[in-house]
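The values are calculated or read from the model by the stated rules, or taken from the named source; none is laboratory data. Every value quoted in this text rests on a predicted model; they were computed, and no experiment measured them. Please note: Cβ atoms are built from the backbone with ideal geometry, for glycine as well, and neighbour counts cover all protein chains shown. Just the protein is used for accessible areas: all its heavy atoms, side chains included, with ligands, DNA and RNA removed. Shrake-Rupley method; radii C 1.70, N 1.55, O 1.52, S 1.80 Å.
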Amino acid sequence: MNSRYDVIILGAGAAGLMCAIEAGRRGRRVLVLDHANRVGKKILMSGGGRCNFTNLHTTPENFLSANPHFCKSALSRYTPWDFVALVEQHGIAYHEKKLGQLFCDHRSSDIVQMLLVESEQAGVEIRVNCQVHAVRRADEFLLDTSLGPLVAARLVIATGGLSIPTMGASGFGYDLARQFGLAVLPTRAGLVPFTLKGERLSWSRELSGVSADVAATCNENVFRENLLWTHRGLSGPAILQISSYWRPGQAVDLDLLPELDLVSLVEEARRERPRIRLRTLLAEYLPRRLVDLWSGQRWRDRKVADLSSRDIDQLRAAIQPWQLTPDGTEGYRTAEVTLGGVDTEELSSRTMESKKVPGLYFIGEVVDVTGHLGGFNFQWAWASGVAAGQQV
Ligand code: FDA
């Protein structure tokens, strides 16, 4: 193995492979290193095994970052349609599930295979099961690895975030940024289920597996999607989305009847079908198991005609909106992403190169740019990978 390269990329995930392909196509001699035993493990497990590889409605507003403008340049130069063109070129069948989310028809491994074929055609060398012990910079970058010493003119860090450590996630990228004097913003788990304790956990366990369409609100951000009760607390797309905006101790508003007003519903029923039971009425809009559990003894057999105005006020206060303070999140163990990371102030938004350390690049999730649920995180990985690949 010749130990000198134009570009070494650490991390054979979505961003690293995309960057390698782009640089290889430009004639660069590229080596990609990964400590895991295979490439693209998160791609393989993504989208329930079908990889939600992009979102057609990607805009900068779909991303969280201390600098919301940073992602604009890369995203505008490599769009979801560019990635779709690549997918189509490889004959991979896909479909739009909802809200612009594109998934493979068959399996996520189609995307990994596509990236491997492209890498090979671009002459990229990939090594897995490789440990990087130390990185130094003299005129070039000197890497001490389990493959021996390696040298590169340019070094790209694409080691991702901290979520799902069992899949190879590590804090390596953050540590390396600090080693070179770059600021790293505090990290926390994002797109992650909430955990509950005590009586609220007992409720969740009773309802485990039940889902409902809700509007989840926290810090003025609103997501209208499904909520899922679990044996640990709450999950489902609405909860994952709002979790990225939630801070410990804060309350989350969960409107179980979005776009409907409970009081008007009950009042209309009192006029038009006064003999209907409250639980029968509510079950027309909410999951039956939730209504049964919630209505308990107090409301069980009450007809809407028998409800007083006070009852209706109490009803509304109890469920619209249902305000809840989560006890915590499931953390990096199950989080889809890591919020925070390498401070975008340190990087060029056009090339992802460090402003302080020429030749050093950070791409993908290790950077403080985190997408909403729905294919946005991969689109950031592709776009930031291409941005660096065009420059290295
Ligand atoms: P990524 O994590 O993909 O790759 C980093 C690579 O670096 C890994 O191969 C790792 O082994 C390697 N590495 C780490 N430390 C190293 C070290 N010290 N030395 C060498 N190599 C090292 N997003 C989306 O848009 N659509 C979706 O459907 C999903 N679904 C999904 C499901 C689940 C369960 C998770 C956990 C995440 C998702 N995501 C997602 C998020 C998406 O997977 C994530 O944002 C991207 O994979 C990030 O791409 P990166 O290339 O930056 O990191």
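Please name all residue pairs, on different chains or six or more residues apart, with Cβ atoms under 7 Å, provided the first residue is in the stretch 161-172 and is free of Cβ contacts under 8 Å to residues at least 24 places away in the same chain and the second residue is hydrophobic (A, V, I, L, M, F, W, C) and near the ligand (Cβ under 7 Å from one of its atoms).
As it stands, the answer is none, since no pair meets every condition given.
Could you check the stretch 146-165 and list, in sequence order, the residues that are in contact with a Cys (Cβ under 6 Å, 6 or more places away or on another chain) and closer than 19 Å to Tyr361 by Cα? Reasoning before the result, please.
Keep residues of the stretch 146-165 that are in contact with a Cys (Cβ under 6 Å, 6 or more places away or on another chain), which gives 146-147, 156.
Hit for the stretch 146-165 is Val156, nothing else.
Here's the yes/no breakdown for (1) of a type in the set (Val, Ile, Thr); (2) touching a strand residue (DSSP E or B) at 6+ places or on another chain (Cβ under 8 Å):
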residue: Asn221; (1), (2): no, no
residue: Asn226; (1), (2): no, yes
residue: Val252; (1), (2): yes, yes
residue: Leu290; (1), (2): no, yes
residue: Gly296; (1), (2): no, no
residue: Asp306; (1), (2): no, no
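Does at least one position in the stretch 85-104 carry a residue that is buried (at least 20 other Cβ atoms within 10 Å of the Cβ) and within 26 Å of Glu353 (Cα to Cα)?
Scanning the stretch 85-104, I find no residue that is buried (at least 20 other Cβ atoms within 10 Å of the Cβ) and within 26 Å of Glu353 (Cα to Cα), so the answer is no.
Please state which one of Thr159, Thr166 is within 16 Å of the ligand (Cβ to nearest atom) and assigned to a loop (DSSP other than H, G, I, E, B). Break it down into steps so the answer makes sense when it comes.
Numbers: Thr166 fails: assigned to a loop (DSSP other than H, G, I, E, B).
Going through Thr159, Thr166 in turn, the sole match is Thr159.
Do you know which of the residues in the stretch 367-391 that are open to solvent by 10 Å² or more (accessible area, probe 1.4 Å) and of a type in the set (S, T, N, Q) is nearest to the ligand (Cβ to nearest atom)?
Looking at the filtered set, the residue picked out is Asn377.
Starting from the stretch 124-142, take each residue that is modelled with pLDDT under 95 and list its partners that are buried (at least 16 other Cβ atoms within 10 Å of the Cβ), counting only C-beta distances under 9 angstrom and pairs at least six apart or across chains.
Within 9 Å, the pairs are Asp139/Ala153.
For the structure I just gave you, tell me whether Gly13 is open to solvent by 10 Å² or more (accessible area, probe 1.4 Å), under 19 Å from Phe378 (Cβ atoms), at pLDDT 95 or above and within 7 Å of the ligand (Cβ to nearest atom).
Numbers: open to solvent by 10 Å² or more (accessible area, probe 1.4 Å): yes; under 19 Å from Phe378 (Cβ atoms): yes; at pLDDT 95 or above: yes; within 7 Å of the ligand (Cβ to nearest atom): yes.
So Gly13 passes the test.
Have a look at Ala153, Ala134, Ala189 and point out the one that is touching a helix residue (DSSP H, G or I) at 6+ places or on another chain (Cβ under 7 Å) and among the small types (Gly, Ala, Ser).
Step by step, each of Ala153, Ala134, Ala189 is checked, and only Ala189 is touching a helix residue (DSSP H, G or I) at 6+ places or on another chain (Cβ under 7 Å) and among the small types (Gly, Ala, Ser).
May I ask you to list the residues in the stretch 348-366 that are away from the ligand (no atom under 13 Å from the Cβ) and closer than 19 Å to Ala23 by Cα? Even if it seems obvious, please write down each step before you answer.
Initially, the stretch 348-366 is screened for residues away from the ligand (no atom under 13 Å from the Cβ), giving 348-351, 353-360.
Correct list: Ser348, Ser349, Arg350, Thr351, Glu353, Ser354, Pro358, Gly359, Leu360.
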